[in-house]
Protein chains: 4
Amino acid sequence: MAMEIMDSLSELRQQVYEANMELHRRGLVIYTFGNASGILRGEDLVAIKPSGVPYDALRPADLVVVKLDGTRVEGNMRPSSDLATHLVLYRAFPHIGGVAHTHSMYATAWAQAGREIPCLGTTHADYFHGPIPVTVPMPPGEIAGEYEHNTGGAIVRRFAKLNPEHFPAVLVSGHAPFCWGPNAEEAAQVAVIVEEIARMAYHTVTLNAAVEPISSALHDKHFLRKHGPNRYYGQP
Amino acid sequence: MAMEIMDSLSELRQQVYEANMELHRRGLVIYTFGNASGILRGEDLVAIKPSGVPYDALRPADLVVVKLDGTRVEGNMRPSSDLATHLVLYRAFPHIGGVAHTHSMYATAWAQAGREIPCLGTTHADYFHGPIPVTVPMPPGEIAGEYEHNTGGAIVRRFAKLNPEHFPAVLVSGHAPFCWGPNAEEAAQVAVIVEEIARMAYHTVTLNAAVEPISSALHDKHFLRKHGPNRYYGQP
Amino acid sequence: MAMEIMDSLSELRQQVYEANMELHRRGLVIYTFGNASGILRGEDLVAIKPSGVPYDALRPADLVVVKLDGTRVEGNMRPSSDLATHLVLYRAFPHIGGVAHTHSMYATAWAQAGREIPCLGTTHADYFHGPIPVTVPMPPGEIAGEYEHNTGGAIVRRFAKLNPEHFPAVLVSGHAPFCWGPNAEEAAQVAVIVEEIARMAYHTVTLNAAVEPISSALHDKHFLRKHGPNRYYGQP
Amino acid sequence: MAMEIMDSLSELRQQVYEANMELHRRGLVIYTFGNASGILRGEDLVAIKPSGVPYDALRPADLVVVKLDGTRVEGNMRPSSDLATHLVLYRAFPHIGGVAHTHSMYATAWAQAGREIPCLGTTHADYFHGPIPVTVPMPPGEIAGEYEHNTGGAIVRRFAKLNPEHFPAVLVSGHAPFCWGPNAEEAAQVAVIVEEIARMAYHTVTLNAAVEPISSALHDKHFLRKHGPNRYYGQP
């Protein structure tokens with residue numbers, strides 16, 4: 001492996017480690033739940049959390065590096081059992097650089113309820129250009145077969161008409177959210193924000209079951225002040 | 001700038017910094033959400049959080065100082081994108097010295113539900129002399145135009161018949177609360193208390209959907225034992 | 001004052017300080033909310049939190065000591081504005097040695113909803129020999145008059161047929177809980193447990209609106225294994 | 001007692017201590033609530049938390065060691081008042097090595113509501129091969145008699161057709177969960193996970209009262225990828 005790839009890979013490993021620890025620090029994962037990964041585009045190398053390792057014990061060296069086809073390149077441990085889902089997402093969504101998966105409380109409740117999260121306020125509109133989508137439940141044959149790979153397929157089908165850069169997360173029906181971003185750390189931040197939005201929406205609909213989504217004027221305003229060529233939120 | 005103004009400005013900066021950190025410490029804001037500001041009356045200088053800077057990294061020197069018309073006086077960063085809303089409030093409510101804006105969980109749920117918070121107990125009555133008001137949703141033209149400025153306008157319209165000293169916060173419909181007080185630190189404390197009141201009211205109405213507000217006798221008693229000439233709560 | 005009274009008073013002061021800090025540590029109170037007191041029976045001296053002092057700044061020396069009629073004996077600050085309620089309880093319930101008052105989230109929600117807390121499980125039965133009672137709302141004349149004193153009166157009326165040793169707390173309608181015990185520290189622990197019971201009951205009735213209280217056989221069993229001559233919980 | 005038994009017992013004591021502290025660290029127990037135990041199979045010695053001792057003060061030496069018939073072997077304190085329930089479980093379920101009992105918030109709410117927890121998602125399916133069962137309420141005679149022993153009996157009756165290795169916890173109606181595992185530490189982890197599942201299910205059914213359990217295909221897939229001969233989750 002060339003020296004510069006090794007440097008990039010070492011940086012990727014550190015960033016994926018930090019992303020995993022962010023999930024833990026924010027209380028989105030307990031014990032060995034959840035996982036975050038990142039990809040080195042060009043080389044198509046993916047670093048991901050090993051399976052079944054508790055966060056308290058996780059070190060950057062424990063991460064497993066694989067090719068886009070799943071072949072192991074570095075690391076002695078088994079990768080996360082959800083690896084195949086991550087790989088499908090990296091192949092289907094060429095602009096993403098990181099994926100984070102949690103079973104965070106409120107996002108999982110919406111996924112279990114089989115309901116997309118409607119856009120009820122500007123917090124949501126700041127990050128998603130529409131409702132947070134939920135997948136169609138998978139047929140038994142897909143579950144019995146290459147389950148984790150097919151979970152990725154169910155997500156990709158749900159995005160047939162959606163832009164993954166405008167919708168950086170999905171709820172897998174009866175399961176939990178998968179989130180992404182330009183790199184592993186931003187994917188982990190999306191996971192935190194999806195949980196926050198899901199929790200706000202839960203309390204809103206239990207307070208007012210007949211609540212309507214905000215207007216498209218307000219939705220567009222908030223999404224576009226943070227995204228796209230005319231954004232003015234944050235520092236230039 | 002005269003020496004004494006510089007001293008006052010340095011003190012303001014410190015107080016606005018503390019107010020922002022109080023929002024963070026109490027769990028009302030995550031990442032770069034929310035913002036607090038304070039004003040130096042007489043000089044009409046406003047210090048506010050810069051846009052998109054995470055609280056963990058925030059230092060007093062990062063605060064941006066502007067005139068009441070928004071012209072930047074000190075600081076290298078862009079001010080909070082909500083600055084224009086703060087400025088409208090400072091101009092319309094001459095007795096306030098600080099403003100705090102958060103997307104705190106329960107206050108935001110009421111704002112998203114489009115419901116004012118009824119006064120269901122003495123905790124609420126200690127701080128507000130009536131329900132916590134909610135604004136009327138803004139028309140598309142106001143959203144597409146000077147949105148943050150017009151958000152301030154929607155708040156001011158809602159206060160046409162309300163005294164902002166007796167109602168130190170408002171819920172912006174489909175958005176979140178704006179809170180104020182005699183200075184930035186008290187504005188931040190109001191933000192904490194509004195969240196507490198919103199959370200109590202949420203649990204009360206989900207426990208008893210038919211609950212009535214407390215009597216005006218009890219409401220007046222609690223509000224007036226903490227406010228006005230005959231107050232007897234706290235130290236003299 | 002005799003030396004031994006001074007020693008006892010110093011011990012009382014320390015215990016009341018600890019009780020107040022326990023309320024803070026357990027998240028039952030924010031800022032200056034709530035207060036705990038203790039009494040030196042025989043001398044009839046009561047130590048209580050000063051009014052409007054934040055917990056972070058509270059020191060044992062700040063506590064105010066008064067006689068049972070409210071006359072100040074020690075301390076430079078005003079006592080808690082709820083002092084008169086505490087004094088009524090000490091006079092009416094001769095076996096109690098401490099009182100704790102909070103606006104804790106779930107107990108306050110039940111108080112605001114005007115509902116007594118039914119005994120839905122053994123956690124409740126371990127501490128209360130029946131539902132946690134709620135007072136009748138006070139008439140306007142009692143609110144406008146000696147309000148805090150009359151709040152005590154409303155509690156005492158509610159206990160006309162209840163034994164305060166078997167029911168160590170009450171919900172004041174539209175306000176919040178008052179709790180008591182053999183001393184200030186146990187009163188504070190009751191406040192923690194009342195919040196826990198209120199929170200469990202909230203989640204139970206929102207899960208099953210038609211839930212029935214547990215059987216009197218189970219209720220008696222749990223209450224009596226912790227209280228009375230045949231108790232066998234804890235160390236002898 | 002032979003040297004090697006003493007060594008094994010010392011190890012058991014340490015593990016049971018850690019299990020109890022895990023319940024405390026994760027916020028499942030307050031004050032003296034709850035208890036965990038472990039068994040040395042072959043010797044049939046059980047180590048358990050003493051009754052009424054707060055977790056902050058608990059040391060490994062405080063644990064009480066008893067035989068399977070309840071006779072005390074080591075320790076000066078009274079064992080947990082729930083000991084008899086633990087002993088019934090160790091006798092009836094020969095493959096378990098640890099038991100943990102808590103009054104954790106959401107699991108207790110389901111127990112108080114008298115509802116089994118349906119399997120609404122993969123988090124649940126990862127640990128239970130069906131709904132989390134609830135016992136039938138005990139008749140008054142069983143409550144008045146050997147109550148804690150009979151609580152164990154009610155659990156065992158509920159498992160007449162269930163495999164305790166595929167269902168590592170039960171909700172005792174009107175009371176709270178009992179959990180188990182191959183040793184005390186895993187039993188405590190099950191208690192943490194049961195609380196997580198109960199909380200997810202609470203938020204799911206309050207979001208969608210008509211929600212259906214996940215398909216048996218998905219349920220089987222998740223349970224079997226973590227359990228049994230073809231498991232592939234975690235490290236080999």
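The values are calculated or read from the model by the stated rules, or taken from the named source; none is laboratory data. Remember, predicted model here, so these are calculated numbers, not experimental data. Heads up, the Cβs are rebuilt from the backbone with ideal geometry, glycines too, and the neighbour counts pull from every protein chain shown. Accessible surface areas use protein heavy atoms only, side chains included; no ligands, DNA or RNA. Shrake-Rupley method; radii C 1.70, N 1.55, O 1.52, S 1.80 Å.
So the values come out like this:
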| item | result |
| --- | --- |
| Residue identified as open to solvent by less than 30 Å² (accessible area, probe 1.4 Å), polar (S, T, N, Q) and under 16 Å from residue D:179 (Cα atoms) among D:51, D:81, D:104 | D:104 |
| Test: residue in the stretch B:127-134 that is more than 20 Å from residue B:81 (Cα to Cα), of a type in the set (Gly, Ala, Ser) and at pLDDT 95 or above | yes |
| Filter result for residue B:80 (of a type in the set (S, T, N, Q) and touching a Lys or Arg at 6+ places or on another chain (Cβ under 6 Å)) | yes |
| Test: residue in the stretch D:216-229 that is among the aromatic types (Phe, Trp, Tyr) and more than 10 Å from chain A (Cβ to nearest Cβ) | yes |
| Matching entry among C:64, C:46 (being among the aliphatic types (A, V, I, L, M) and more than 12 Å from chain B (Cβ to nearest Cβ)) | C:46 |
| Scope the stretch B:144-201; condition open to solvent by 10 Å² or more (accessible area, probe 1.4 Å), of a type in the set (A, V, I, L, M), within 12 Å of another protein chain (Cβ to nearest Cβ) and over 14 Å from the mean Cα position of the chain (by Cα); matching residues | B:144 |
| Complete set of residues in the stretch A:79-98 that are more than 13 Å from the chain's Cα centre (by Cα) and hydrophobic (A, V, I, L, M, F, W, C) | A:84, A:92 |
| Identity of the residue in the stretch B:61-72, at pLDDT 95 or above and more than 19 Å from residue A:233 (Cβ to Cβ), that ends up least open to solvent (accessible area, probe 1.4 Å) | B:65 |
| All positions within the stretch B:1-52 that are at pLDDT 95 or above and of a type in the set (Val, Ile, Thr) | B:16, B:29, B:39, B:46, B:48 |
| Only one of A:178, A:159, A:167 that is touching a residue at least 60 places away in the same chain (Cβ under 8 Å) and out of contact with any Ser or Thr (no Cβ under 8 Å at 6 or more places or on another chain) | A:159 |
| Residue list for the stretch C:61-78, restricted to those being under 20 Å from the mean Cα position of the chain (by Cα) and not small (Gly, Ala, Ser) | C:63, C:64, C:65, C:66, C:67, C:68, C:69 |
| Any strands (runs of 3 or more DSSP E) falling wholly within the stretch A:1-78 and containing at least 1 residues that are acidic (Asp, Glu) | A:72-74 |
| Pair list, Cβ < 8 Å and 6+ apart or interchain, from the stretch C:205-227 residues that are farther than 18 Å from residue C:167 by Cα to residues that are among the charged types (D, E, K, R) and open to solvent by 40 Å² or more (accessible area, probe 1.4 Å) | C:207/D:115; C:208/D:115 |
| Count - residues of the stretch D:20-41 that are open to solvent by 20 Å² or more (accessible area, probe 1.4 Å), more than 14 Å from chain C (Cβ to nearest Cβ) and either under 14 Å from the mean Cα position of the chain (by Cα) or free of Cβ contacts under 8 Å to residues at least 12 places away in the same chain (or both) | 2 |
| Unmet criterion (only one of (1) modelled with pLDDT of 95 or more; (2) over 30 Å from residue A:198 (Cα atoms)) for residue D:230 | (1) |
| Among residues of the stretch D:116-134, those that are within 14 Å of chain C (Cβ to nearest Cβ), open to solvent by less than 10 Å² (accessible area, probe 1.4 Å) and under 18 Å from the mean Cα position of the chain (by Cα), counted | 2 |
| Matching entry among C:55, C:106 (being under 26 Å from residue C:199 (Cα atoms), within 12 Å of another protein chain (Cβ to nearest Cβ) and hydroxyl-bearing (Ser, Thr, Tyr)) | C:106 |
| Output for the stretch C:86-103, where each listed residue is of a type outside the set (A, V, I, L, M, F, W, C) and either within 12 Å of chain B (Cβ to nearest Cβ) or part of a loop (DSSP other than H, G, I, E, B) (or both) | C:94, C:95, C:97, C:101, C:102, C:103 |
| Residue that is within 24 Å of residue D:203 (Cβ to Cβ) and without any contact (Cβ under 8 Å) to a residue 12 or more places away in the chain, where the choices are D:107, D:100, D:113, D:57 | D:113 |
